[in-house]
Structures are given as C-alpha cells and as structure tokens.
Amino acid sequence: MAPPKAGYSNIFGRTEKFAAVSADEGQAAEAGRTILQEGGNATDAAVAMYFAMAVTLPSAAGLGASGVCIVHDAKTRAAEAFVFAPVAAPGPINGVSFTVPNAVRAMALMQIRHGQARWELDLAPSEKMASLGVPVSRALARDLAAGAASLNDDARRVFARNGTPLGQGDRLVQSDLATTLVAIRRGNGVDFFQGNFARRLSDQIAQLGGSLPVEALRNAVPKAVTPPSESDGGYRVYAAPPPMAGASALAGWKGEPAPAAATPTDSGGFSGLAAVDEKGNATACSLSMGRLFGTGLMAPGTGMLLGAPTADSTAVSPVVIGNPNNGEFKFAGAGGGLPTASYVTGAIARAAVEGGLPVLSALARNAGRGGYVNALACPNGIRSGGATCQAGADPAGLGAALIATAQ
C-alpha cells in the first residue's frame with residue numbers, strides 16, 4: 001500500500017460523528033485510523049501509531065524514544081499525563097551516552113488505564129509492517145538523507161543498500177524489530193523491561209561496550225500525573241508537566257512572545273501524533289529521540305535504535321483541550337521537527353479554537369516555522385455532531401491526518 005498523501009486532511013462537517021488521527025508519518029496514521037475503525041478508542045489509536053512510527057519513522061519515534069502523552073477521558077472527564085522522561089543509562093557505549101528505553105512501558109501503562117481494545121490489536125499493525133516491510137515514506141527518506149551517516153553498522157544494514165541510504169518507495173523490512181515487537185505484544189510489554197527480552201537487550205548492550213542492567217530497565221518507571229493546565233472558560237488547556245516542555249506549549253496558547261522561529265529541514269528526532277474518537281476521548285503524544293536517529297546506535301538483534309539524552313530531549317509537549325465538567329473535547333495536537341514545536345502546537349490550538357481559523361489555514365499560515373504540528377480540532381465541541389471538527393497535518397512535516405468515520 002502506498003503511503004497516504006502528506007498533509008492530507010478532511011474538514012468534517014457532513015456527518016453526525018467525528019473520529020480522526022494525525023501523525024508525522026502517513027502509514028502510522030493509517031494504522032491509527034484502522035484501530036479506530038475496528039473498535040479501539042483514541043488511546044488505542046495513539047498506541048498503535050507510536051509502535052507503527054517505531055517501524056516507519058524510527059528517526060523520530062523509535063522504541064528508544066522519550067516523551068509524554070496526554071489523555072482526555074470523556075467518561076471520567078479527567079486528563080492524565082504519561083511522562084517517560086529521558087534517563088541516561090548507567091554505562092555509555094564507547095563514550096556515547098544513551099537513554100534507558102521506557103516508552104514501551106509508558107504505552108503499556110496508558111493502554112491499561114485508558115484503552116479499550118486488546119493490547120495485541122494495538123500492536124498488530126506495527127508487527128506486520130516490520131515483518132512484511134513497508135515502502136520508505138517521504139518523511140523517513142528525508143531523515144535518512146540527512147542522518148544516515150550517524151548510524152552504526154547494525155543500523156546501516158537495515159536502512160541502507162550497498163552503502164546508499166534507502167530512498168522514498170524502497171522496501172524496508174525489519175525482521176529483528178518484528179521479533180522485538182512480538183516480545184512486546186506478549187504479556188503487555190512486561191518482557192521488554194524485566195523478562196527474557198530485557199536480559200537479552202542488556203547482554204547486547206554489554207557486547208557493544210555499554211551498560212544497561214535489567215535493574216535499570218525495571219526501575220525506569222513512567223509517571224502518570226495530572227497535567228498542568230490553563231483555564232479557557234469551562235475548558236482546560238492541558239500540557240506536559242516538568243521536566244517536559246508544557247510551559248512552552250502554554251506560552252504558545254497564551255500568545256506570549258515566540259522563540260526564534262527556525263524552519264526544520266527534517267524531523268530533527270522529534271515527532272507527534274494525536275487521536276480522537278467518536279465519544280470525545282482524545283490522546284496526543286510528543287516524542288523525542290534526542291536528535292535525528294538518537295545515538296545512531298542499534299542494539300544488535302533487536303532492531304531498536306537507542307535514544308540520546310540531549311539537552312533538547314525534554315523539549316516536547318502535546319496540547320489537549322477538554323472540559324472537566326462534562327467531558328467535552330475541543331483540541332488535541334502535537335508537533336515535531338524542532339524543540340520549539342511545543343510552543344507552535346499551543347499557538348495552533350489557540351488559532352483553531354479561539355481564533356476561528358480552520359486547522360489547515362492555521363498550519364499553512366505557520367508554514368512549518370518552529371516545527372511541524374498535527375492537529376485535531378472541534379471548536380464548538382465534538383458533541384455538536386462534527387460540523388466544526390477538523391483534522392490536519394502540517395504539509396511541511398510530510399505526515400498525514402485521516403478521518404476514521406464515513407462521510
């Protein structure tokens with residue numbers, strides 16, 4: 001299947017219900033839409049998109065990523081943030097520091113608390129993609145052109161042919177990653193941080209000259225907390241708690257002075273995704289590998305790139321807007337490309353929800369400055385029947401926004 005057209009979006013005003021996804025890589029967005037169509041909720045779709053991007057865009061969302069997700073639960077009317085901040089592993093590999101991978105554990109915790117589909121269903125798209133292969137998307141081809149030189153031999157064997165990085169449309173098969181995803185699928189990911197896989201990963205890191213004891217994997221526990229927020233009438237604008245960049249996202253929402261607005265030329269190792277279902281549940285995640293392809297080191301036999309604990313690793317935050325009084329939903333978004341994407345996400349949320357600007361118009365006006373944003377917005381609430389609901393992915397980011405309900 002060819003990847004969806006980058007930046008694709010529907011403005012949804014001709015149906016009684018609305019459900020949608022948006023992500024920095026189109027095939028991952030397809031996976032999220034499929035989960036929604038098969039009975040999963042927004043959290044299930046977000047989990048599926050993360051694992052799919054670990055296959056299709058590991059430069060910015062690999063299994064070694066750090067990040068934060070925010071869930072708005074329409075039934076409980078509450079929001080919860082899942083923080084998997086970067087923690088440096090005990091022993092560098094030949095002087096290169098890397099993070100203890102804990103995104104898998106965060107996704108498992110989030111799915112247990114807020115998902116409604118089976119964990120196996122959420123993992124199925126990524127496992128199939130890794131095993132059977134996918135065409136390299138424009139987004140990954142762009143990142144490989146910029147960052148393939150940083151990859152170690154194990155990674156080059158996956159992402160290059162005869163010394164040349166894979167290009168758009170080339171077939172990408174990742175058998176080792178597929179085996180890792182099978183291990184994650186079994187037992188809700190427990191094997192990843194304290195089972196046989198954890199021991200094998202620890203041994204492989206030791207063979208590379210680093211140190212990642214099983215105890216370090218077991219002790220890297222993501223946090224589930226109430227996110228900080230700003231009031232917007234009866235709604236709350238939720239962003240990431242410290243040490244992540246929620247303050248920057250809220251500054252964007254409030255219209256405070258913007259940071260220097262560079263325009264990214266690749267993902268920079270940052271990515272975002274968002275999902276909303278017909279009931280108004282919403283989940284958005286911001287992810288970071290620390291830099292493009294993280295450390296560039298792939299642990300042998302795992303297919304997994306290790307994240308880099310850089311100064312920018314925590315510079316991520318999604319934005320979700322929900323009503324804690326009635327569970328209504330207005331916005332979910334997350335960005336990539338640069339550490340300033342969190343600020344831009346807040347600014348796009350303001351433009352779409354308070355400024356009356358269509359999502360695609362807000363994204364086009366921003367033109368990728370400060371980062372790429374994926375956004376889902378219902379300015380009048382999702383219970384209005386979808387008449388004002390919109391989905392968009394910044395065309396400059398080469399991702400996709402897809403509707404999950406029939407028009």
Practice item. Compute, for residue 288, the solvent-accessible surface of its heavy atoms (probe 1.4 Å) with the complete set of protein chains present, and express it in square angstrom to the nearest 10. Key: 0
Check your understanding: Where a Cα-Cα gap under 24 Å defines reach, which lysines qualify for residue 128, not counting those fewer than 8 residues away within the same chain?
Key -> 5
**Study point:** Calculated from backbone phi, Karplus (6.51, -1.76, 1.60) coupling profile of the stretch 236-250 in Hz, x at Gly/Pro
**Key:** 10, 9, 9, 9, 6, x, x, x, 7, 8, x, 4, 5, 4, 5
Check your understanding: Tell me which lysines have Cα within less than 27 Å of residue 75's Cα, excluding those fewer than 8 residues away on the same chain?
Key -> 17, 223, 279, 330
**Study point:** Choice from 115, 280, 336 with maximal GNM fluctuation in the chain (Cα, 10 Å cutoff)
**Key:** 115
Point to revise | Segment residue 311-residue 326, length gained on full extension (0.36 nm per residue, minus Cα span) | key: 1.5 nm
Study note, to complete from the structure: Placing each pseudo-label 7 Å from Cα in the direction of the beta carbon, residue 150 and residue 76 end up separated by a distance in nanometres of 3.6
**Study point:** Size-normalised alpha-carbon gyration radius of the chain, reference 2.2 N^0.38 Å
**Key:** 0.88
Check your understanding: How would you order 322-332, 49-59 from highest to lowest mean count of nearby Cβ atoms within 10 Å?
Key -> 49-59, 322-332
Study note, to complete from the structure: FRET efficiency for residue 96 and residue 171 from the Cβ-Cβ distance with R0 = 25 Å, rounded to 0.05, comes out at 0.25
Exercise for review: Could you check how much of the accessible area of the chain is carbon and sulfur, as a whole percent, using a 1.4 Å probe?
Suggested key: 50
Study note, to complete from the structure: Once all protein chains are kept in place, residue 354 shows an accessible area at probe 1.4 Å, nearest 10 Å², of 90
Review point. So for the stretch 45-148, what percent of the C-alpha to C-alpha distances run longer than 22 Å?
Key: 41
Review point. Gain in length, residue 157 to residue 218, computed as 0.36 nm per residue apart minus the alpha-carbon separation, to one decimal in nm?
Key: 19.0 nm
Exercise for review: For 140, 292, give the ranking by accessible area with the largest first, probe 1.4 Å.
Suggested key: 292, 140
Check your understanding: Per-residue accessible area for residue 338 at 1.4 Å probe radius, Å² rounded to 10?
Key -> 40
Point to revise | Candidates 371, 39, 269, ranked by Gaussian network fluctuation over the chain, Cα under 10 Å, top entry | key: 39
Exercise for review: Would you calculate, for the chain, the mean residue ellipticity at 222 nm contributed by helices, counting each DSSP H stretch of 4 or more residues as -39,500 (n - 2.57) and dividing by all residues, to the nearest 500?
Suggested key: -10000 deg cm²/dmol
Check your understanding: If you build a Gaussian network model of the chain, linking Cα atoms that sit under 10 Å apart, which residue out of 47, 276, 136 swings the most?
Key -> 136
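The values are calculated or read from the model by the stated rules, or taken from the named source; none is laboratory data. In this text the structure is predicted, and so the values were computed from the model without any measurement. All Cβ positions, glycine included, derive from the backbone under ideal geometry; neighbour counts span all protein chains shown. Each accessible area value is taken on the protein alone, full model and side chains, heavy atoms only, with ligands, DNA and RNA left out. Shrake-Rupley method; radii C 1.70, N 1.55, O 1.52, S 1.80 Å.
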